[in-house]
1. Which of the lysines could a cross-linker bridge to Lys393, judged by Cα under 20 Å and excluding same-chain residues fewer than eight apart?
2. How much length would be gained if the chain were fully extended between Asn79 and Thr193, taking 0.36 nm per residue of separation minus their Cα-Cα distance, in nm to one decimal?
3. Mind giving me the nanometre distance, one decimal, between the label points for Ile206 and Tyr135, set 7 Å out from Cα along Cα→Cβ?
4. Computed FRET efficiency, Cβ-Cβ of Ser354 and Leu306, R0 41 Å: what is it to the nearest 0.05?
5. Taking the alpha-carbon distance from Lys161 and a cut-off under 18 Å, which lysines remain once sequence neighbours fewer than 8 residues away in the same chain are dropped?
6. Find the relative contact order for the range 47-168 and round it to a whole percent, using C-alpha pairs within less than 8 Å whose residues are 6+ positions apart.
7. What ³J(HN,Hα) values, in whole Hz, does the Karplus curve 6.51 cos²θ - 1.76 cosθ + 1.60 give for the range 295-306 when θ = phi - 60°, with x put for Gly and Pro?
8. Give me a comma-separated list of calculated 3J(HN,Hα) values for the range 241-247, in order, Karplus coefficients 6.51, -1.76, 1.60 applied at θ = phi - 60°, integers in Hz, x for any Gly or Pro.
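We did not get these values from a lab; they are worked out from the coordinates using the rules stated. Since this is a predicted model, take the numbers as computed values, not measurements. Note that we place each Cβ from the backbone using ideal geometry, even for glycine, and neighbour counts take in every protein chain shown.
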Amino acid sequence: MAGRANHHLSWGVALLAGIVIACSSTALFAAGDAGVAQPVAAEPFPIASDVRVAGDSKQTRFVLDLDRKIDLRAFTLGNPDRVVVDIPQVTFKLPDNVGQNGRGLIKAFRYGLVMPGGSRLVFDLSGPAKIEKAYVLDAANGQPPRLIVELAATDRTAFTKSLAKETTAEPPPGNPPATVTADAEPNAERVDTRPVVVIDPGHGGIDNGTQAASGETEKAIVLAFGLALRDRIAESGKYRVVLTRDDDTFIPLGDRVKIARAQNAALFVSIHADALPRREGDAQGATIYTLSDKASDAEAERLADLENKADAIGGVNLTEEPTEVADILIDLAQRETRTFSSRFAHTLMGEMKSTVRMHKHPLKSAGFKVLKAPDVPSALIELGYVSNKDDLKLLTSESWRSRSVVAVAQAIDTFLAKRIVSVGSNKN
Ligand SMILES: [Zn+2]
């Protein structure tokens, strides 16, 4: 079939098809009605097929040929001076040793998978440089889609100032909550490369969350837990911990997700406490939730609906929220991320069950809006039920909190220790 189709192919398309075939022995082609080659067995991830570096020590341009458009985030890092470009997971089909010798401001470059759903390009700089532009061009004039990073020489002072400020190809997220800058960059000149754990105490401000008959609020219980968890994780010094809120502030669900993404978080853990309406009987124990399109049971669905209402309670206009999950690429990344989220949930269960009373069905999934970062493994812990007398006693007890915090922190450490892949060591 491909042979017959070739008669109709223009030279440019034939050349392009040739390149793709050369790059991927599994790609099959069929001709559509218009005689345009269409991949039948599409690669699950975008393919980077070639790379070029042009320019000099004043201005340098990096070009990566792709087979489709992707999002990117580019930023600078110091000690040593680098430019980092984070992109969705890409299959690199580049010549061996291609990054060993760069040109101009790019001394050398590396690339690889840094987490499921996420690849990274790292440029070692020959001197301080600023990212003038970082974007992805559509296919045009016989050229494939291209990721382009334009660098210009700058002085040391300006470079230091620019560290970790992002250039993004996505529309910039609205107003990042003040907690991000406050917690994340206490000192912009010292760049922290430790994996980031985002702890998300639910609700806050005018949104109390659930409430015990005796008045205790979910927002206060989970904030106390979040602060204690942060302190516990921070003790080891291995991770940087960012809280989505460290006081009684309302943070919309979308912003919590944005914090995780903007921080390139290795893990996002949302903390909540459930309540069961009296007419629905009694329930107790902790439950761990992960994201799923289909709720694992009616109880999980009820809870996700309830938690997702936080924005409405806080007065956020839901229609103005951009859809976080826009295209197939994000969807693929998300599928990978979900595997890791579920691995974390199991690890968490293993650690918590010996210390914390668990719900009779402790692992569940549903469509929680706050768990929807496509590239950050995420889980939500309902610590227990404020509607249950025994649970409430535990939830408000200092000793229970410190025991539970130890278990959760241990699970986070176990999960991340297995998951951290050093940049460039895994060239795929
Ligand atoms: Zn909640």
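1. Straight-distance partners of Lys393: Lys219, Lys353, Lys360.
2. 40.0 nm
3. 3.9 nm
4. Numbers: r = 29 Å, r/R0 = 0.70.
Using R0 = 41 Å, I get an efficiency of 0.90.
5. Straight-distance partners of Lys161: Lys130, Lys133.
6. 31 percent
7. Those phi angles translate into 5, 6, 7, 4, 4, 5, 5, 4, 5, 4, 4, 5 Hz.
8. After applying 6.51 cos²θ - 1.76 cosθ + 1.60, I find 10, 10, 9, 6, 8, 10, 8 Hz.
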